[in-house]
1. Find the residue count for the stretch 16-31, including only residues that are in a loop (DSSP other than H, G, I, E, B) and not β-branched (Val, Ile, Thr).
2. What are the residues in the stretch 16-60 that are exposed (fewer than 12 other Cβ atoms within 10 Å of the Cβ) and touching a strand residue (DSSP E or B) at 6+ places or on another chain (Cβ under 8 Å), if any?
3. When you look at Ala13, is it part of a loop (DSSP other than H, G, I, E, B), surrounded by 15 or more Cβ atoms within 10 Å (Cβ to Cβ) and in contact with a Pro (Cβ under 7 Å, 6 or more places away or on another chain), yes or no?
4. In the stretch 53-64, what count of residues is obtained for those that are in a helix (DSSP H, G or I) and touching a residue at least 40 places away in the same chain (Cβ under 8 Å)?
Amino acid sequence: MKITVDHEKCCAAGQCAMLAPDVFDQREEDGLAVVLRPEPDPALYDAVREAAAFCPAAAIRAEE
């Protein structure tokens, strides 16, 4: 799995960081999502999928 975040779409809601804190964080200056692990371990795939599904801006892309 490879993860990217479209910062043009990101609305800094923070759902990704709450649902998958091992993979996502937020920048302090503007709250936009940051990918901590662009290629996470398979054990984190479900959390990444959930974070992508609940992103209100549909800014997370997870390619498998």
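1. Number of matching residues: 8.
2. Selection gives Pro38, Glu39.
3. yes
4. 0
Since every read-out is calculated from the coordinates, none of them should be taken as a lab result. Everything numeric in this text was worked out from a predicted model, so none of it was measured. Virtual Cβ from ideal backbone geometry, glycine too; neighbours counted across all protein chains shown.
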